[in-house]
Amino acid sequence: MSTASPATDGGDEHPAAVPARRFEPDLRSMTRINLRPIASPMPLGFFTIAIASVMTGCLQLGIFGEEARAAVAFTVLPAFVLQLLVSVLAFGARDVIAATLMAVFAGSWLPYALIMLTGAADGLKVLGVFNLALLCFGALMAAVTRPKRALWLVIAVSLPRWAATGLAGITGAEWLTRTSGALGLVVALVAMYTAFALMLEDMRSEQVLPIGRSGPAHLAVEGDLGVQLRNLERQAGVRRTL
């Protein structure tokens, strides 16, 4: 490595003034990280999934006639807003898995409602491809949500519904539409149970109905404050870059 000689001012034998290197002080002792507790938004998210799945499932099963499409779309449209709110709160609670899942669910209700309302050309076929894309997303999410067994179960029962809805939209097969409607009611039951279990747990500060947490998800509820703050300095929002 080459080194530079001190610069001189003309013929002066003394080197020109070189600014001294500035050392930043150790800021760790002066750093404070503030955490703001919030109420869990997950019961709202799961109840929203349950209600919207009941409405869309009843339409697919033929309980509602074709003329009820616009009415069903209007009842499903608020699910977009509610689950988007849940996602934002979950990001603030540092739960990237729950936040991502709720945001994608929110994004799935909006195009469904708009296509049903407008009767866009080839809308069902487009929704079919969209649901197959959701199927790929759900498969990846299922691979990382095992420690949160209740969340994983909602995804697991949603996978065959996305598959049936996607194939029904592409092929137009009536039996696939009916199958998707029945699976929608199953999704609603699982989501309703999960939401109710989480609400009971929050109200009583202990697990009442089995949810099936394991690993880090179990420690997050049963562990002490030291467990909650472990590696906090490396989490998004604290570190400099995402």
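When you go through A150, A197, A220, A191 one by one, which is the residue that is out of contact with any strand residue (DSSP E or B) (no Cβ under 6 Å at 6 or more places or on another chain), crowded, with 20+ Cβ neighbours inside 10 Å, at pLDDT below 90 and within 16 Å of M42 (Cα to Cα)?
On the way: A197 fails: crowded, with 20+ Cβ neighbours inside 10 Å; A220 fails: crowded, with 20+ Cβ neighbours inside 10 Å; A191 fails: at pLDDT below 90.
Answer to the selection: A150.
Restricting the stretch 15-69 to residues that are within 30 Å of S205 (Cα to Cα) and of a type in the set (S, T, Y), which is modelled with the lowest pLDDT?
The extreme case among them is S40.
If you take the residues of the stretch 153-179 that are among the hydrophobic types (A, V, I, L, M, F, W, C) and either free of Cβ contacts under 8 Å to residues at least 12 places away in the same chain or assigned to a loop (DSSP other than H, G, I, E, B) (or both), which of them is least open to solvent (accessible area, probe 1.4 Å)? If you could, list the steps in order and put the result at the bottom.
Going through the stretch 153-179, the residues among the hydrophobic types (A, V, I, L, M, F, W, C) turn out to be 153-157, 159, 162-164, 167-168, 170, 173, 175-176.
Subsequent filtering for residues that are either free of Cβ contacts under 8 Å to residues at least 12 places away in the same chain or assigned to a loop (DSSP other than H, G, I, E, B) (or both) retains 173, 175.
Working: A173: 24, W175: 170 Å².
Residue satisfying both the conditions and the ranking: A173.
Among the residues in the stretch 132-142, are any in contact (Cβ under 8 Å) with a residue 40 or more places away in the chain and not in a loop (DSSP other than H, G, I, E, B)?
Within the stretch 132-142, one or more residues are in contact (Cβ under 8 Å) with a residue 40 or more places away in the chain and not in a loop (DSSP other than H, G, I, E, B).
Within the bounds of the stretch 95-112, is there any residue that is over 22 Å from the mean Cα position of the chain (by Cα), open to solvent by 50 Å² or more (accessible area, probe 1.4 Å) and closer than 22 Å to C58 by Cβ?
Looking only at the stretch 95-112, we keep the residues that are over 22 Å from the mean Cα position of the chain (by Cα), and these are none.
Scanning the stretch 95-112 turns up no residue that is over 22 Å from the mean Cα position of the chain (by Cα), open to solvent by 50 Å² or more (accessible area, probe 1.4 Å) and closer than 22 Å to C58 by Cβ.
Here are L77, L82: which of them is assigned to a helix (DSSP H, G or I), touching a helix residue (DSSP H, G or I) at 6+ places or on another chain (Cβ under 9 Å) and under 22 Å from E201 (Cβ atoms)?
Checking each option against the conditions leaves just L82.
The values are calculated or read from the model by the stated rules, or taken from the named source; none is laboratory data. Note that this is a predicted model, so its numbers are computed, not measured. Cβ: placed from backbone, ideal geometry, glycine included. Neighbour counts: every protein chain shown. We work out accessible area using only protein heavy atoms, side chains counted, and drop any ligands, DNA or RNA first. Shrake-Rupley method; radii C 1.70, N 1.55, O 1.52, S 1.80 Å.
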